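K.L.:
Dropping the structure in here first, questions after.
The values are calculated or read from the model by the stated rules, or taken from the named source; none is laboratory data. Since this is a predicted model, take the numbers as computed values, not measurements. Using ideal geometry, Cβ is built from the backbone for each residue, glycine included, and neighbour counts are taken over all protein chains shown. The protein model used for the area step is the full one, side chains on, heavy atoms only, and it has no ligands, DNA or RNA in it. Shrake-Rupley method; radii C 1.70, N 1.55, O 1.52, S 1.80 Å.
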Amino acid sequence: MKELWVIGGPMGVGKTAVCRQLQAAEGRSIFVDGDWCWDMRPFVVDDQTKELAFANMAALLNNDLACGELDEVIFCWVMHQPEIWQRLESSLHTAGCRVHRVCLVCQPRELEQRLQKDIDAGLRTPDVIPRALDRLESCRSLPVALVDTTGLSAAQVAQRLRQMARQKLV
């Protein structure tokens, strides 16, 4: 049975790194970061570009899900509201798929420290911290499995996710 990992959480919590670790542990998998589907310059957030991002994600993920050469599709994106999860999943063809829904979170202080490293390296702008903290709080009420990444490496989180999947907790 094909497996689909849908991993959300605020920016800076480790989604991409964890997904890379999940991908490294399996043989026939593909990783899609939702950010790739909305990577435009200048970055514009409006109704038209939101539609574009969702259409791009759905098309890419459905193509991946339909590919017989893949056993696992791994996806992550900043998903902090139930509507985002519902919108994405309602557009996916997951019949015959086991779907693992996980939201990564961490302690606010750790999130600030992780994001500050990215800011210092020129990878993010300072306005990301309050936005990420706001999204972190929203994530805590999502109806999906929450996994706290505080103090853990990406490899440790991926290992925990694999264990949860084996136990059918996600």
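K.L.:
Could you grab the pairs with beta carbons closer than 7 Å, sequence gap of 6+ or different chains, first residue in segment 22-48 and at pLDDT 90 or above and of a type outside the set (A, V, I, L, M, F, W, C), second one open to solvent by 50 Å² or more (accessible area, probe 1.4 Å) and part of a loop (DSSP other than H, G, I, E, B)?
P.N.:
ARG28/GLU69; ARG28/ASP71; SER29/ASP71
K.L.:
If you scan segment 135-151, which residues turn out to be closer than 17 Å to GLN81 by Cβ and either free of Cβ contacts under 8 Å to residues at least 40 places away in the same chain or open to solvent by less than 90 Å² (accessible area, probe 1.4 Å) (or both)?
P.N.:
First, pick out the residues of segment 135-151 that are closer than 17 Å to GLN81 by Cβ: 135-146.
Those that are closer than 17 Å to GLN81 by Cβ and either free of Cβ contacts under 8 Å to residues at least 40 places away in the same chain or open to solvent by less than 90 Å² (accessible area, probe 1.4 Å) (or both): ARG135, LEU136, GLU137, SER138, CYS139, ARG140, SER141, LEU142, VAL144, ALA145, LEU146.
K.L.:
Looking at segment 96-112 only, could you name the residues that are among the small types (Gly, Ala, Ser) and either in contact with a Leu (Cβ under 8 Å, 6 or more places away or on another chain) or at pLDDT 95 or above (or both)? Let's see the steps before the verdict.
P.N.:
So the first thing to find is which residues in segment 96-112 are among the small types (Gly, Ala, Ser), and the list is 96.
None - no residue of segment 96-112 is among the small types (Gly, Ala, Ser) and either in contact with a Leu (Cβ under 8 Å, 6 or more places away or on another chain) or at pLDDT 95 or above (or both), so the list stays empty.
K.L.:
Those residues that are touching a strand residue (DSSP E or B) at 6+ places or on another chain (Cβ under 9 Å), under 15 Å from VAL18 (Cβ atoms) and assigned to a loop (DSSP other than H, G, I, E, B), I need them from segment 139-154; list them, please.
P.N.:
To start, the set of residues in segment 139-154 that are touching a strand residue (DSSP E or B) at 6+ places or on another chain (Cβ under 9 Å) comprises 139-140, 142-150.
Okay, now just the ones that are also under 15 Å from VAL18 (Cβ atoms), so 139, 144-150.
Across segment 139-154, the qualifying residues are VAL144, THR149, THR150.
K.L.:
Here is a further query. Determine which member of the set HIS93, HIS80 is surrounded by 15 or more Cβ atoms within 10 Å (Cβ to Cβ) and either modelled with pLDDT of 95 or more or within 15 Å of the chain's Cα centre (by Cα) (or both).
P.N.:
Values: HIS93 fails: surrounded by 15 or more Cβ atoms within 10 Å (Cβ to Cβ).
Selected residue: HIS80, the only one of HIS93, HIS80 that is surrounded by 15 or more Cβ atoms within 10 Å (Cβ to Cβ) and either modelled with pLDDT of 95 or more or within 15 Å of the chain's Cα centre (by Cα) (or both).
K.L.:
I'd like the full set of residues that are in a loop (DSSP other than H, G, I, E, B) and surrounded by 14 or more Cβ atoms within 10 Å (Cβ to Cβ), limited to segment 30-70. Even if it seems obvious, please write down each step before you answer.
P.N.:
Going through segment 30-70, the residues in a loop (DSSP other than H, G, I, E, B) turn out to be 39-46, 67-70.
Scanning segment 30-70 gives a single hit, LEU70.
K.L.:
Can I ask one more? Within segment 96-110, does at least one residue satisfy the condition of being of a type outside the set (A, V, I, L, M, F, W, C), free of Cβ contacts under 8 Å to residues at least 24 places away in the same chain, closer than 24 Å to VAL32 by Cβ and open to solvent by 40 Å² or more (accessible area, probe 1.4 Å)? Let's see the steps before the verdict.
P.N.:
Quick first cut of segment 96-110, residues of a type outside the set (A, V, I, L, M, F, W, C) only: 96, 98, 100-101, 107-110.
Narrowing further to those that are free of Cβ contacts under 8 Å to residues at least 24 places away in the same chain: 109.
Filter once more, keeping what is closer than 24 Å to VAL32 by Cβ: none.
There is no residue in segment 96-110 that is of a type outside the set (A, V, I, L, M, F, W, C), free of Cβ contacts under 8 Å to residues at least 24 places away in the same chain, closer than 24 Å to VAL32 by Cβ and open to solvent by 40 Å² or more (accessible area, probe 1.4 Å).
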